[in-house]
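Below is one structure, written out as structure tokens; the observations come after it.
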Amino acid sequence: MDRFDFSLEKQYDRANGYRTRSMLVIPLKDNSDEVIGVLQMVNAYGNEAQIISFSKMSERIIASMANQAAIAVANMRYIEEIKTLMRSF
């Protein structure tokens, strides 16, 4: 039994002739630690173009990217909230 539901990935693979072999999924969290999205990376490639597992270094770099993306998403949400508030006046 799988711990996670990968039915969407399998469906995508079938529809597009793709083969997901490795995956790294990191949550995007805002400053109150609420998950506001995810950053999903598929199929890390090694030196000889073979698909490999994501390395710890890759995980740290992508986690840093996820933090920056979360900040950007949260900022966009705040801007929209401010615009909505200003329109209400």
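Report, ordered by the first and then the second residue, all pairs with beta carbons closer than 8 Å, sequence separation of six or more or different chains, a first member in region 13-39 that is of a type in the set (Ser, Thr, Tyr), and a second member that is assigned to a helix (DSSP H, G or I) and open to solvent by less than 90 Å² (accessible area, probe 1.4 Å).
Going by the 8 Å Cβ cut-off, the qualifying pairs are Thr20/Glu9; Thr20/Asp13.
What pairs come up if the first residue lies in region 69-85 and is under 13 Å from Lys29 (Cβ atoms), the second is open to solvent by 80 Å² or more (accessible area, probe 1.4 Å) and not aromatic (Phe, Trp, Tyr), and their beta carbons are under 8 Å apart, counting only those six or more places apart or on different chains?
Ala70/Lys29; Ala74/Asn31
Restricted to region 8-35, and to residues that are hydroxyl-bearing (Ser, Thr, Tyr) and either open to solvent by less than 60 Å² (accessible area, probe 1.4 Å) or in a loop (DSSP other than H, G, I, E, B) (or both), which residue is farthest from Arg60 (Cα to Cα)?
For region 8-35, the residue satisfying everything is Tyr18.
Taking region 52-63 as the search range and keeping residues that are under 12 Å from the mean Cα position of the chain (by Cα) and open to solvent by less than 60 Å² (accessible area, probe 1.4 Å), which one is farthest from Thr20 (Cα to Cα)?
Once the filter is applied, the top-ranked residue is Ala63.
The values are calculated or read from the model by the stated rules, or taken from the named source; none is laboratory data. Since the structure is predicted, the reported quantities are computational estimates derived from the model, not experimental observations. Ideal geometry is used to build each Cβ from the backbone, glycine not excepted, and the neighbour counts take in all protein chains shown. The area values use the complete protein model at the heavy-atom level, side chains included, leaving out ligands, DNA and RNA. Shrake-Rupley method; radii C 1.70, N 1.55, O 1.52, S 1.80 Å.
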